[in-house]
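Accompanying notes for the structure given below.
The values are calculated or read from the model by the stated rules, or taken from the named source; none is laboratory data. Here the structure is a predicted model, which means the values were calculated and not measured. No Cβ is skipped: glycine too gets one built from the backbone with ideal geometry, and neighbour counts run over all protein chains shown. Accessible surface areas use protein heavy atoms only, side chains included; no ligands, DNA or RNA. Shrake-Rupley method; radii C 1.70, N 1.55, O 1.52, S 1.80 Å.
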Amino acid sequence: MIINISDIEILSELTEQIQSLGYHYAVVPVDQISDSATLEFFKTAWEAKECCFEKSNDMDYFKYLPTNSIIRDLNMLRESGICTSDNEAFDLTAFGRLEREKREFLENNLNINIMNQKNLEYLKDQLKYTGFGETFDQDLKEKMLKGETEFKLMKEGVYGTDSMSAVLNFKKSDQSDLYFFNSYHVNLKKEDSEEALEQTFYINSNSSSITLKEAYNLMEGRSINKDLKTKEGEVYNSWIKMDFKEVDDNNGNFKLNHYHQNYGYDLEASLAKYSIKELETPKYKDDLLSSLKKGNLQSVTFVVAGVESKMYIEANPQFKTVNVYDANLQRINHRESKEEKQGVAKEKDKSQKQDSDDEPSQSEKNSNNRKKKISKSI
């Protein structure tokens, strides 16, 4: 639709008034200027199409446009800042199309930027709540801007005398430009060991992912407690412990043994068997239970005969108890040691029985004495 640019106000007022009366289509010449005198309006597309067919010939060609699109293009022209006081021809339809494409492009870019920002914030929250803190914010943003299919981030730290490093794995979705934090691979080097332990931990979309501290506790041989979900989405509670004797051939990970809620381990009941001072205060008790469920080796105060002593404890769901260590971290209620002692006792009883079997019975002794007496009398 070609117009005289100075007619913008007249055409806007006319078209809006005609549309309010129920006329939703306008017939315009393709190569000639349209003005208020030459525009024809119709209520239906069929009527406008019939008019175009009747008016078109070898010299002139007509087309029909929705009145709302004409109003929209005129408004965009008014808002564009283009000078409309000059008396010159202006292709309103072409201008409207280009302006819409430009606005759509800018809107798409804005949406992409908003989506990328939300993606960045989501990943930052994931890292924070998985125990990696907020140190990756800038690195994460730079990696995402590069647009690579996947990328990695590194973290190194020290837990006591143990050194621990983690490689965090990120990958872009096949269906969108969104990135996802998929897993992290841990390398733990203990001070008293020449070989390092390695394990890959996978990230879940819910809160059941294993945190970095929990990963360390598992690799230290302790147990953690998590709320997990079945494939059907049902939530259940379970204790998890790493089995260093069994390795998955597919990914090289140590097997994770699960002791479900039906296994019957009651941490609070196990703690109640000991005289622990922190259990007397509800706040300290809740903190202690929470710490043990995260797999921590927790400092507590034992009270025996009125005497307080510092001890360390950890949850042991496998044997439905808690492990207790002295101030020097020496195990003092080692179940295996008890079993060994029981085994030694059994062996001792067996040995004593064998020895008693080898000794002559009282009747045999009496018989021998009689034989001796007989031999002497002879």
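Comparison of Gly221, Gly233 shows that the only residue that is modelled with pLDDT under 85 and either open to solvent by less than 90 Å² (accessible area, probe 1.4 Å) or within 25 Å of Asp249 (Cβ to Cβ) (or both) is Gly233. Residues of the stretch 137-153 that are loosely packed, with under 12 Cβ neighbours inside 10 Å and either of a type outside the set (D, E, K, R) or assigned to a loop (DSSP other than H, G, I, E, B) (or both): Gln138, Leu145, Gly147, Thr149.
Quick check on the stretch 195-218: of everything there that is among the aromatic types (Phe, Trp, Tyr) and without any contact (Cβ under 8 Å) to a residue 24 or more places away in the chain, which residue is least open to solvent (accessible area, probe 1.4 Å)? Ranking the qualifying residues of the stretch 195-218, first place goes to Phe201. Going by the conditions given, is Lys255 touching a Pro at 6+ places or on another chain (Cβ under 9 Å) and either surrounded by 11 or more Cβ atoms within 10 Å (Cβ to Cβ) or in a strand (DSSP E or B) (or both)? Against the criterion (touching a Pro at 6+ places or on another chain (Cβ under 9 Å) and either surrounded by 11 or more Cβ atoms within 10 Å (Cβ to Cβ) or in a strand (DSSP E or B) (or both)), Lys255 does not qualify.
Summed over the stretch 49-92, the residues that are open to solvent by less than 60 Å² (accessible area, probe 1.4 Å), in contact with a His (Cβ under 9 Å, 6 or more places away or on another chain) and part of a helix (DSSP H, G or I) give a count of 1. Cβ-Cβ distances below 6 Å connect the following pairs, each with a first residue in the stretch 263-286 that is surrounded by fewer than 15 Cβ atoms within 10 Å (Cβ to Cβ), a second residue that is of a type outside the set (A, V, I, L, M, F, W, C) and outside any loop (DSSP other than H, G, I, E, B), and a separation of six or more residues or different chains: Lys277/Thr301. For the stretch 208-241, a residue qualifies if it is in a strand (DSSP E or B), closer than 20 Å to Val322 by Cβ and among the aliphatic types (A, V, I, L, M), and the qualifying residues are Ile224, Ile240. One residue alone among Glu156, Glu134 is open to solvent by 70 Å² or more (accessible area, probe 1.4 Å), modelled with pLDDT under 95 and within 16 Å of the chain's Cα centre (by Cα), and that residue is Glu134.
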